[in-house]
Every structure is written in C-alpha cells, then in structure tokens.
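Here is the structure we will look at, set down as structure tokens.
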Amino acid sequence: MKKPKKNASPNRPQNHRTLKKIILFFVCLIIVVVASLYITLFLGQTKFQEPSKFLYIPTSSIFQSQQLLYSLDTGKMIGNKTTFQFYANRLKLWKNLKPGRYEITKNMSIYDIINKLKYGGQTPVSFVLKKVRSKEQIASLCGNYLESDSTAFATYFNSLELQEKTNINDYVFMSYTIPNTYYVYWNTTPEQFMQRMIEEHKKFWNLNRLQKAALLKLNELEVYTLASIIEEETLKHDEKPTIASVYLNRLKKGMKLEADPTVKFCTKDFGIRRVRFKHVNNQASCLYNTYQHRGLPPGPICTPSVTTIDAVLHPANTNYLYFCAKPERDGYHSFCETYSGHLENARRFHQMLNANKIH
C-alpha cells in the first residue's frame, strides 16, 4: 500500500512573495539610481538666471580642480560641486581640461559643461579693432580683450623675432591691422594674433584693390598711409574721395603734402586745434612731417577705416590742390585749385578761430 504524499511546505508561497518583493525593491532602486544619474548628468544644473555666463580657464598656470569648482560654484554655474566632481573624475576631465573662454548657458547640463571644457569648445571673443595711432595702443586693445596683458603684446610687437619672421618693422606695423570686428579665441597669443592680422591683410588686399592701387602708382603701404592721413582730416565719408584727390594731385606734381595731421603725429599732441609754424619747425627732423619732407610718410599715422582706404582707391576726379576747413564748423572743407583761393579760404577760417578764441 502506497504512502500518501506530503503536502508542500506552507512557507514556500511566503518565501516566493518575499523574493519577489526583494527583486522589485532592487529594480526600483536601480531605476531611481539611473534616473538620478540621468537627471544630475544630462538635465539642466545651473543656478543663474541670466541667459549665459562666461568661464575663463587660464593658460599660464595649472588650473587645479578646486579652482575650477570654485569658479563654477561662485558663478552659480553648477548646482552641486560634489556631483560635478564625481562626474568630472569619471569622464576624465582633469587630464583633458583645455584653457580658454567658455560660455555656460542657462540650464546647461553637467555632461555638456564637462564636454565643452574637455574638448575645448570655446566661444570666440568679438574683437573690435578700431582707430588707434600706435602699436602700443593696439597692444592695449589686445590686452583688454585677450588673455595676455598689454605688456606681453607690446613686447612681441617690438621684438626682433617678429621682424625676422615677417619683415614687419615699426614703420609698416600698423598697415597690417585693418580695422574691423574679428572673432578670436580669448587665449590667442601675441604670435597667433599677428599671424591672424597677416592673413586678414592678405585677404583684404585682393586682386581688385591691388589693381586699383597700381593704377594710382601706389603700393599697399602707400595707400594705407595716405588713408591714415585722410582718416585724421575728416569724419565725413562723402568728402574723403575729394580729399584723396587733393593729396594724389599734389603727389603727382611733386608738391609737399603739408598735412596738419602728420605734424600732430610728430608732436604726439593730438589736441592741437591750430597747427602753427612753431609746431612745424620744432618737428623738422620727424620723418612723418609732410611740411618738411616730400612724399608720403614712411608709414601710417593711424589705422584708417576700410571706407577711407577705399576712398583712396576710388578718388574723385578733380584738379584740386588745396583744402581748408569751413568756417561754418560743420566738419566739411572748402576745396580749390589755386593757392590764392586757398589763402582766402584759410583767412576766413582763421577769422572764425580768432573770433571764438580757439588757439
């Protein structure tokens, strides 16, 4: 006779339910952890309200992790330093941190911030090269926009290294800087900056401009230098081609240019309202003094605008040899072909200056 089968253990269903609960707990825990990791890594973590902020990582010194974390934290560019450091360690940021200027946008994720810093995703600086009168002023401008200070730029601009590599000396230096807005990286070095200017110079002097200069029997430096004088003569774009024609006519005839701005450049006193004989005579040895020396100066006296350079390349067709500021003080000039006519224009202008006690 067979023995009856024993009933299953009454604890087995309970153990099964317990195991399911444990598994469910760990599944939920994994989901929570993964969700938390996703949220902290891929969703917006910045705390600032502005559209964006900029983070600067210098080149000259070793930028340690704590310095970066401090900058990110004080700028409210991250929500939690510990979280950022956790991911930065695992994504190997510290060994691959690139110097530069980085734009951190509102609600940017930690992952995007780390990748931007790791792969050098810089935002260029909008560098506005405006009218200046010396390479020192250009150096100062560079120091205001870029990482290296003005002293570093000035040192390189005056270095033998630059002259030996490029043949750019003191006289021609400014002719390689065409006023414009350039987009450059914040950590651009002085050497890289000059290389960029040389490249821009080549682009600017295209075949069309070179042909126009050749028709005037001028080279690039001479066009730029003449434009720099006109830049200092007037702010009125519509009369620049006419002033260009005056100087070009004088050059053709072998006359001295007798341009007041060149005397001011020699004195370095750009506030002079009336150029007098004492100014001209005191600067007799200055090569830029066009009252004393024939032809164009050896180099530009400022950085002229593209509009002014093109005015030289497209001069008005005139026989004018003289011009003088109008007594109406509207910024325009009176032009004439004869010296007697010029003396009359000058007399009326100086009457106005005397009446207004302008010395």
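Computed log10 I(q)/I(0) for the stretch 230-359 at 0.11, 0.15, 0.17 Å⁻¹: -0.38, -0.74, -0.98, from the Debye equation with unit scatterers placed on every C-alpha and solvent omitted. Heavy-atom accessible area with a 1.4 Å probe sorts F54, F349, largest first, into F54, F349.
How much net charge surrounds N80 when only the other residues with a Cβ under 11 Å from the Cβ of N80 are counted, with Lys and Arg +1 and Asp and Glu -1? Walk me through the numbers before you get to the answer.
Working: positive: K47, K81; negative: D73.
So the environment of N80 carries a net charge of +1.
For the stretch 242-289, dividing the convex hull volume of the Cα atoms by the residue count gives 84 Å³ per residue.
Evaluated over the Cα positions of the stretch 257-333, the convex hull gives a direction-averaged projected area, one quarter of its surface, of 6.2 nm².
Of the options (i) 1.02; (ii) 0.96; (iii) 1.34, only one is Rg/Rh (Cα atoms, Kirkwood Rh) as computed from these coordinates, and that is (iii). In this structure L210 has an accessible area near 70 Å², from a 1.4 Å probe over the protein heavy atoms.
Mean Kyte-Doolittle of at least -1.0 plus a Cα span of 30 Å or more along the axis: flag which DSSP H helices in the chain meet both, please.
12-42
For a straight C-alpha distance cut-off of 20 angstrom, the lysines reachable from K256 (same-chain residues fewer than eight places away being disregarded) are K217, K240, K264, K278.
Using a 1.4 angstrom probe on the protein heavy atoms only, could you order Y322, Y183, Y56 from most to least accessible area?
So the residues, ranked largest to smallest area, are Y183, Y56, Y322.
Comparing I138, L210, T318 along the charge dipole axis of the chain, the residue lying farthest to the positive side is I138, per the Cβ-charge model. Note: relative contact order over the chain, using C-alpha pairs below 8 Å and six or more positions apart, is 13 percent.
Out of every Cα-Cα pair that the stretch 181-266 contains, those further apart than 18 angstrom amount to 57 percent. For the stretch 110-143, trypsin sites (Lys or Arg not before Pro) meeting the loop criterion (DSSP other than H, G, I, E, B) and having at most 16 other Cβ atoms within 10 Å: K130, K131.
A DSSP coil position with no more than 14 other Cβ atoms inside 10 Å describes the following chymotrypsin sites (Phe, Trp or Tyr not before Pro) in the stretch 225-319: F270.
The values are calculated or read from the model by the stated rules, or taken from the named source; none is laboratory data. Since this is a predicted model, take the numbers as computed values, not measurements. Backbone-built Cβ (ideal geometry, glycine too); neighbour counts: all protein chains shown. Please note that ligands, DNA and RNA were not included when accessible areas were found on the heavy atoms of the full protein model with its side chains. Shrake-Rupley method; radii C 1.70, N 1.55, O 1.52, S 1.80 Å.
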